[in-house]
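Read-outs: derived from the displayed coordinates by stated rules, not from any lab. In this text the structure is predicted, and so the values were computed from the model without any measurement. Quick reminder, even Gly has a Cβ in these numbers, built from the backbone with ideal geometry, and neighbours come from all protein chains shown.
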Amino acid sequence: MRLMRLFAVALAASWCFMAPVVAKDGSPIYTYETQFHPKLAKNGMVVSRDKYASEAGLEILKEGGNAVDAAVATLFSLAVTLPQAGNIGGGGFMMIYLKDQDKTIALDYREIAPKAAFRDMYLNKDGSVDNNRVRFTLKGSGVPGTVMGLTEALSKYGTLPLKQVMAPAIRLAEQGFPMTWSLNETLKEYKDRLQADPAAKKYFYKADGSVYAPGEIFRQPVLAKTLKTIAEKGADGFYKGWVADALVKTMEEGGGLITHEDLNTYKTFTRKPIIGTYRGYKIATMPPPSSGGVNLIEMLNVLENWPMKSYGLNSAAYIHRLVETMKYAYADRSKFLGDPAFYDVPVKELTSKKYAKSIYNLIDPNKATPSSKIGPAKKLPYESHETTQTSVMDKYGNMVSNTYTLNYSYGNGHAVMGAGFLLNNEMDDFSAKPGVPNGFGLLGGQANSVEAGKRPLSSMTPTFIFKPNGEPYIATGSPGGSTIITTVLQVVLNTIDFGYNPAAAVSVPRVHHQWYPDRIYMEPGLSVDTRRILVGMGHHVKINSEDSWDQVLGEAQTLMRGPNHIIMGAADPRRPGAYAAGF
Ligand code: DON
């Protein structure tokens, strides 16, 4: 897997070459040009992490479905063909833009902490955090929201019946599909963890414990039965009846917390999207319990104060401003963001241009400020006032941007015996103890402490961009834990500041800083000269190549509405198997 990712990055880097460009004032600047072209379509396009799933969405578009119909078909299919992240046992966020009403909806189907959860539930007697308990046992699972979210999106905003939209997923599970290289690789990589769970071992491996080879037909009849029940009964097919019984039995036998009451009372939220602007473009993105939207707008507001384009993409001057801004946003994240039902998140203040200006004023354009000198805002201005990304556009101008997840690849590695699907370990997105980093190195405090019925803070940032004239323009988003927000940020900059098409915008190398640890994570492909200048300014630089979650920074499946309403789409080249399907 590691090798594959590195290969993907090298490939991404080789697609780009440096071309000198002269700035308005005559000074030479450098930008990336790309030889890589996006896929084009007139009637609709789906881009997701998996070819079978994108084609499932395309099938529904061809049957006359709209973007929501196609998104739901793709997302149920990903639960079959990309079980490392596609899911019915997890949760996520779906942004929907309805062209005829010019309306953006932010659907929150994030997992919630079961009723039996409590603040110190992941602490050992000595007060240390038991990472194994929260990440790899059934106690780490939040109440899944995906089935409620997808069925609700379809019934409110789709046009086709659930049975029709779920048919491709059921077919893929029942009749099987040729094992993909990517799934084969990760099933090998995660073999020890998955085979320690009898249900996961049974559903994802051959009887002798070996992995299906690429190209061999991989069938999931038990999952097919679960999906058929959902197709017939809607959300009740999952939250009530035999599937719910199987899930609760798995919990009872394995020490998990989720009960029938938790399943019966699970609710989605239709939230007001976070709206911001960047150089006249409107950005609509995900509100809390995601931190992504607030942090994205906060960073864009700061960056708008500089002529970012004139520095040249990924020059030292450019990256310096980017990462200094990231430090302030992630520091604020650690203190002010959590589930709005439990904590009063100061959204207006954090996303105000005035507050951004105060951050801008603190940033030295020539010198890095150590993270230890940066903290969450002391005073905010008073204003009266392994996850996966799927993007879809249809010929009507509707858009969907969906990010959903089990948290880690294959969640906590436990499957529901008798129902064939994996469970999330989303409880690790809570701050188990103030000051102790979670699995993505993120810090948090009271705003994101564990509480029954609460949604853990997320970084998932499904996002739309609208042109200054209001026309729908871009649908994007990314997986990658803490690196999601900075990935989406760079797609916004690459498209708006540099005018890149989606293929170029997603393939150029990215950087990431999250306040702590105090270092710039840098993808291979950035110049050694740039790195040297940044180190000279006081930055600590780490080239991604060693750890597992941060080898590549995100994976931004992106669609753009181009000239004459042509839909342009590109699968991010960083991970294998991603695919844009359109017609
Ligand atoms: O909601 C979140 O922010 C995390 N659970 C996302 C995890 C993730 O992106 C892992 N994938 N690469």
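Note on residue 264 and residue 344: the model spin-label points, each 7 Å out from Cα along the C-beta direction, lie 3.5 nm apart. Working note: Debye formula, equal point scatterers on the alpha-carbon atoms of the chain, no solvent; log10 I(q)/I(0) at q = 0.08, 0.12, 0.13 Å⁻¹ is -0.48, -1.15, -1.37.
Magnitude of the Cβ-charge dipole of the chain, K/R +1 and D/E -1, about the Cα centre, nearest 20 debye?
On the way: 63 positive and 54 negative charges, 138 e Å.
Charge dipole of the chain: 660 debye, to the nearest 20.
Annotation: extensible slack from residue 354 through residue 272 equals 27.4 nm (criterion: 0.36 nm per residue apart, minus Cα-Cα distance). Available extension along the chain between residue 191 and residue 101 is 27.6 nm, counting 0.36 nm per residue and deducting the alpha carbon span.
Could you point to the residue in 266, 89, 501 farthest towards the positive end of the chain's charge dipole, with +1 and -1 charges on the Cβ of Lys/Arg and Asp/Glu respectively? The residue sitting most towards the positive pole is 501.
Rounded, prolate or oblate: which fits region 422-570, taking a ≥ b ≥ c as square roots of the Cα gyration tensor eigenvalues, rounded meaning a/c under 1.5, else prolate when a/b beats b/c? Taking the square roots of the gyration eigenvalues as a ≥ b ≥ c, region 422-570 is oblate. Lysine pairs in region 260-347 with Cα distance under 22 Å, only those 8 or more apart or on different chains: how many are there? Lysine pairs meeting the criterion: 5.
Does region 214-372 classify as rounded, prolate or oblate by the C-alpha gyration tensor (a ≥ b ≥ c root eigenvalues; a/c under 1.5 gives rounded; else a/b over b/c gives prolate, otherwise oblate)?
Numbers: a/c = 2.73, a/b = 2.19, b/c = 1.25.
In terms of gyration-tensor shape, prolate.
Computed FRET efficiency, Cβ-Cβ of residue 42 and residue 240, R0 51 Å: what is it to the nearest 0.05? For R0 = 51 Å, the calculated efficiency reads 0.75. When peptides 77-83, 265-271, 102-108, 566-572 are sorted by average Cβ neighbour count within 10 Å, with the highest value leading, the order is 77-83, 566-572, 102-108, 265-271.
Quick one: Cα centre-to-centre distance for region 258-319 and region 99-162, in angstrom? Answer, in whole Å: 19. Taking the Cα centre of region 184-262 as reference, the dipole from Cβ charges on Lys and Arg (+1) and Asp and Glu (-1) amounts to some 320 debye. Simple rule: put +1 on each Lys or Arg Cβ and -1 on each Asp or Glu Cβ in the chain, find the dipole, and look at 464, 538, 405; the Cα lying farthest toward the positive end is 538.
Determine, for each peptide in 40-50, 252-262, the mean count of other beta carbons within 10 angstrom over its residues, then list the peptides with the highest first. Mind dumping the intermediate values first?
Numbers: 40-50: 24.5, 252-262: 17.5.
So the order, starting with the most tightly packed, is 40-50, 252-262.
Would you mind putting 450-462, 482-494 in packing order, based on average other-beta-carbon counts within 10 Å, highest first? Could the numbers behind the result be given before it?
Details: 450-462: 25.2, 482-494: 27.2.
Peptide ranking by packing, descending: 482-494, 450-462.
Taking a ≥ b ≥ c as the square roots of the eigenvalues of the Cα gyration tensor of region 332-420, is the shape rounded (a/c under 1.5), prolate (a/b larger than b/c) or oblate? Prolate shape, in that a/c is at least 1.5 and a/b is the bigger ratio. Computed from phi, the 3J(HN,Hα) profile of region 80-87 under the Karplus parametrisation 6.51, -1.76, 1.60 (θ = phi - 60°) reads 9, 9, 9, x, 5, 9, x, 6 Hz, with x in place of Gly and Pro.
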